[in-house]
Amino acid sequence: MEKFAKFAAVGFVNTAVNYAAYCALLYCGVPYLAASFLAWCAAVSNSFFMNKSWTFSVREKAWLKSYAYYVLANSLSVLLNLIVLEICVRAGMSKYLAQLAAIAITLPVNFLLCKIIFEGARKFRRNKTAR
């Protein structure tokens, strides 16, 4: 439960990062789907480092490989986000509210992905060194 609470706190920060970047990009004239993707890029990088060090307490120095897996896995999440965003906008929802709805739907997906990336990798390394 503690990890989920930490993940939720990181998620709150990431939602703010994502939404602020999205709104700023829309304000600058970036199309909403491109703005959503670019905002996600900023948020996923922030999420990786916060979840790695704080939520899951992973202290490995070689983080680049984990980051690559994390970005790859979260690409599924951004794809889901873009699909939900497009459906909501086409249904008549405001582009701003549609992004909040898309974030709410992708949050549980992101938690499961983080858990697999950080805890799954740690369990695999432990089993490999025990041999």
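Could we say that Leu38 is surrounded by 17 or more Cβ atoms within 10 Å (Cβ to Cβ), at pLDDT 90 or above and in a helix (DSSP H, G or I) here? Reasoning before the result, please.
Values: surrounded by 17 or more Cβ atoms within 10 Å (Cβ to Cβ): no; at pLDDT 90 or above: yes; in a helix (DSSP H, G or I): yes.
It is false that Leu38 is surrounded by 17 or more Cβ atoms within 10 Å (Cβ to Cβ), at pLDDT 90 or above and in a helix (DSSP H, G or I).
Report, by residue number, each residue of region 6-27 that is within 15 Å of the chain's Cα centre (by Cα), of a type in the set (A, V, I, L, M) and under 13 Å from Cys41 (Cα atoms). Write out each step before concluding.
Step one: filter region 6-27 for residues within 15 Å of the chain's Cα centre (by Cα), giving 6-22.
Now narrow it down to the ones that are of a type in the set (A, V, I, L, M): 8-10, 13, 16-17, 20-21.
Selection gives Val17, Ala20, Ala21.
Just one of the listed residues (Asn81, Asn74, Asn110) is in a helix (DSSP H, G or I) and at pLDDT below 80, namely Asn110. Each residue in region 4-20 was checked for being among the small types (Gly, Ala, Ser) and either at positive phi or buried (at least 19 other Cβ atoms within 10 Å of the Cβ) (or both), and 1 pass.
Residues of region 23-34 that are at pLDDT 95 or above and more than 14 Å from Leu100 (Cβ to Cβ): Ala24, Leu25, Tyr27, Cys28, Gly29, Val30, Pro31, Ala34.
The values are calculated or read from the model by the stated rules, or taken from the named source; none is laboratory data. What you see is a predicted model; the values in this text were computed from it and never measured. Methodologically, a virtual Cβ is constructed for each residue, glycine included, from the backbone with ideal geometry; neighbour enumeration extends over all protein chains shown.
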